[in-house]
Every structure is written in C-alpha cells, then in structure tokens.
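Engineer: Can you read through this structure? Questions will come right after.
The values are calculated or read from the model by the stated rules, or taken from the named source; none is laboratory data. What you see is a predicted model, and the numbers here were worked out from it, not measured in a lab. FYI the Cβ positions are ideal-geometry reconstructions off the backbone, even for glycines, and counts take in every protein chain you see.
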Amino acid sequence: MSGITYQVDNPVCGNNEINFQLLTEYSVDIICRARMDRVLDYVSPASFQILGWKPEEMTGRPVEDFILDEDLPVLAEAIAHQGRSVLLRMLKRDGSTVWMENRASLVSDSATGEPRQWVVTMRDVTERKALEKQLSELALTDGLTGLANRRAFDEALEREWNLTLREGSQISLLLLDIDHFKEFNDQYGHQVGDDCLRAVAAAVRGVLRTSDIAARYGGEEIATILPSTDIAGAVEVAEKMRRAIDALRLPQEGHPEGRGYVSASIGAATALARQGGTMSTPESLLLAADTAMYKAKNGGRNRVATALVVAAMGG
Ligand code: GH3
Ligand code: MG
Ligand code: MG
C-alpha cells in the first residue's frame, strides 16, 4: 500500500474514507480492507473483473472464503509476515481459481499504535504464472523432437534410480540409436534427417505409457526410462518401438539391415535393487544400456539386445 496513507483515527474520518475509495476505484488490482478478524469491510471494484465477485458480495465475509483451502497456510504466512507478498489461488465466482499475488499490511491507530485493520492488495498473476510454466517446460524440452532434453532426462533418471533403490524394486532403461544415420543424412540431406528424427521420436512416444520418460539423449539417440519395469517388460516396449519405427516405412536405399527402410537398434538394460548389489549410481544403468545397444549394432542392427545390473539396495 505504498503511496496511500490512511489514518484510522483521523477526526475527519469521512474525508479519508472518500480519499481511500477514490484511490482504489480505478486500480487494476483489487484493494481491500479487512477487520482484525479478517472479515472484509471494503473491496474495490476490480474484484468483479478479476474474480467475478461484486464488491458487495465479498464484503461482510472473511477473506478465507475466497482462498483455495490448499493455500490457506500461505494466507497464514502473509498474516504472520505482514507486508510480504505471497502467491495463492483465489476462488472465482464461477468456481475456477486464479493465481493472485497478495500483500497484507496492518494499519495501526496512530495515537495508541494498536493494530486496527488490514489493507490487502491482490494482483492477478495468472499470465505471469502461465509464462513461468511455459519457460520451465521449454527449458526441459528438446526443440527438434519435443521429447525431454538431456537435462530433464538426467534429473528424471537420478530421481527414478533413487526411488528404485529405496523400494528394492527394478528400473529399465532403453537406449535407441538410429542405424546408419550418417549415411541417411549424406544421402537425403540434413533437413530430411531432421524430419526423420522427428518422425522416429513421435513413433517412440506412441508406444510409451504415461509413467515412461523419453528424452533426446544425443544427436540421433533416444533414451527412455521405464520405472518399475523388469527385463521382459523392457524388451516388450523396445520391440514395440523398433516395430513402430519399421512401420514408418521411411525409405533408406542401400540399407540392407532395414530392408531399405530407416531402422534403429535398441539396448535394453534393467537394474534390480538387491541386498549385496554393487552398483550404486545411475551411470551403471546407462553404461549397461550403451553396451547392450552396441551388442544390437554388432548383432546386425535393427534389433534389441539386453543387459542386467544388480544395484545396491537402500543406497
Ligand atoms: P550406426 O548405425 O553405427 O549408429 O551409424 P550412424 O551413422 O548412425 O552413427 P554415427 O554416430 O556415426 O552418426 C550419427 C549421425 O547422426 C551423425 C550426424 O550427422 C547425425 N545427427 C546427429 N544429430 C543430428 C540432427 O540433429 N539432425 C540430423 N539430421 N542428423 C543428426
Ligand atoms: Mg549414435
Ligand atoms: Mg546411429
């Protein structure tokens, strides 16, 4: 409430009230006054544009009535640290919610110093929130394929790996590498190579379950984390991927292993978390998947090969 001086005990109280309302009338933010028990006794007209509530529908009710239950602790924080702005979701009249930045300031009686009432400013930050979400998603997404990027992959693998060790369960990782992709680029050009990568990524995405996480791991490599999946399950998903890429029927002349079409080799590695297991970092699973992928390449490409890791449970 910087810029607004409001003395509660001013003898010319009526004038002050008029000044306060004049100042708040045209504000794009909602400006409210509440009693010490947080019952609103003034709400500026912006409440209607932002929340769909007319000021008279809000006055006489505690501010808590307009805040999502889940965010009430945030309100408590704003009250405990008056003057600090907090982000919380407020309830619109139509039942939906809107992100608001709220700041509550106590107004004291100038003679006694006793806190007398609250002045609260509420600013709609929905657009800012949406932009923040978009930016953070963008920072974790690969621009070409729309899959997760390497950073998102590293974070997810660390998280899923630790969960697997804690639970004593299992986790699988698929490492897919497009066969003879250098030749493909040389033959058809880099642009068509990019289109091919996009199509392969879409085919991979098409066979995944919601809990699986696929990422562009390198140039033409796609890594997929399959949480709580054993080796049989991993081979099943890998085979589906391989067949989905085959089914794209993207021509690649002079590529016998793919019978004239783009193909991929996939390494499928599974880590079992067991007492007495030796591997304690997710790099061991990556290494195993990489080894399996080269096994698939050496075995004639356009195929799936496997590897197993016994991880240290509880690590
Ligand atoms: P292999 O069957 O052994 O995997 O052979 P390969 O030619 O696929 O393997 P290599 O790693 O030698 O080549 C990968 C090629 O992938 C080289 C590079 O030109 C291409 N590549 C990597 N990233 C991109 C990309 O973003 N777009 C395109 N078009 N090509 C890419
Ligand atoms: Mg490669
Ligand atoms: Mg390759």
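Table: residues versus (1) of a type in the set (A, V, I, L, M, F, W, C); (2) within 23 Å of Val235 (Cα to Cα).
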{"position": "Glu137", "(1), (2)": "no, no"}
{"position": "Ala152", "(1), (2)": "yes, no"}
{"position": "Asn162", "(1), (2)": "no, yes"}
{"position": "Ala201", "(1), (2)": "yes, yes"}
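Engineer: Check region 160-168 and report whether any residue there is in contact (Cβ under 8 Å) with a residue 60 or more places away in the chain, over 20 Å from Ala215 (Cα atoms) and surrounded by fewer than 13 Cβ atoms within 10 Å (Cβ to Cβ).
Structural biologist: Narrowing region 160-168 to residues in contact (Cβ under 8 Å) with a residue 60 or more places away in the chain: 160-161, 163-168.
Narrowing further to those that are over 20 Å from Ala215 (Cα atoms): 165-168.
Pick out the ones that are also surrounded by fewer than 13 Cβ atoms within 10 Å (Cβ to Cβ) and you get 166.
Taking every residue of region 160-168 in turn, at least one turns out to be in contact (Cβ under 8 Å) with a residue 60 or more places away in the chain, over 20 Å from Ala215 (Cα atoms) and surrounded by fewer than 13 Cβ atoms within 10 Å (Cβ to Cβ).
Engineer: Residue by residue through region 222-245, note down the ones that are more than 16 Å from ligand 1 (Cβ to nearest atom) and either part of a strand (DSSP E or B) or not assigned by TED's automatic domain parsing to the domain that holds Asp154 (or both).
Structural biologist: Thr224, Ile225, Leu226, Pro227 - these are the residues of region 222-245 that are more than 16 Å from ligand 1 (Cβ to nearest atom) and either part of a strand (DSSP E or B) or not assigned by TED's automatic domain parsing to the domain that holds Asp154 (or both).
Engineer: Taking Ser136, is it away from ligand 2 (no atom under 16 Å from the Cβ), of a type in the set (Ser, Thr, Tyr) and within 28 Å of Ala305 (Cα to Cα)?
Structural biologist: Details: away from ligand 2 (no atom under 16 Å from the Cβ): yes; of a type in the set (Ser, Thr, Tyr): yes; within 28 Å of Ala305 (Cα to Cα): no.
Spelling it out, it is not the case that Ser136 is away from ligand 2 (no atom under 16 Å from the Cβ), of a type in the set (Ser, Thr, Tyr) and within 28 Å of Ala305 (Cα to Cα).
Engineer: Here is a list of conditions, (1) buried (at least 20 other Cβ atoms within 10 Å of the Cβ); (2) under 14 Å from Ser172 (Cβ atoms), and Arg242 meets all of them except one; can you say which number that is?
Structural biologist: Of the numbered conditions (1) buried (at least 20 other Cβ atoms within 10 Å of the Cβ); (2) under 14 Å from Ser172 (Cβ atoms), the odd one out for Arg242 is (2).
Engineer: Residues that are in contact with a Lys or Arg (Cβ under 6 Å, 6 or more places away or on another chain), in the same structural domain as Tyr217 (by TED's automatic domain parsing) and at pLDDT below 90: find the strands (runs of 3 or more DSSP E) completely inside region 70-180 holding 1 or more of those. Walk me through it before giving the result.
Structural biologist: On the way: elements: 85-91, 97-108, 115-124, 170-178.
Strands (runs of 3 or more DSSP E) meeting the threshold: none at all.
Engineer: Would you mind finding the one in Gly219, Gly267 that is under 18 Å from Tyr294 (Cα atoms), within 15 Å of ligand 3 (Cβ to nearest atom), in the same structural domain as Arg151 (by TED's automatic domain parsing) and without any contact (Cβ under 8 Å) to a residue 40 or more places away in the chain?
Structural biologist: Selected residue: Gly219, the only one of Gly219, Gly267 that is under 18 Å from Tyr294 (Cα atoms), within 15 Å of ligand 3 (Cβ to nearest atom), in the same structural domain as Arg151 (by TED's automatic domain parsing) and without any contact (Cβ under 8 Å) to a residue 40 or more places away in the chain.
Engineer: So is Glu183 surrounded by fewer than 16 Cβ atoms within 10 Å (Cβ to Cβ), within 16 Å of ligand 3 (Cβ to nearest atom) and assigned by TED's automatic domain parsing to the domain that holds Ala292 or not?
Structural biologist: Numbers: surrounded by fewer than 16 Cβ atoms within 10 Å (Cβ to Cβ): yes; within 16 Å of ligand 3 (Cβ to nearest atom): yes; assigned by TED's automatic domain parsing to the domain that holds Ala292: yes.
Yes: the conditions hold for Glu183.
Engineer: Within region 140-154, track down each residue that is of a type outside the set (Val, Ile, Thr) and free of Cβ contacts under 8 Å to residues at least 12 places away in the same chain.
Structural biologist: Gly143, Asp154
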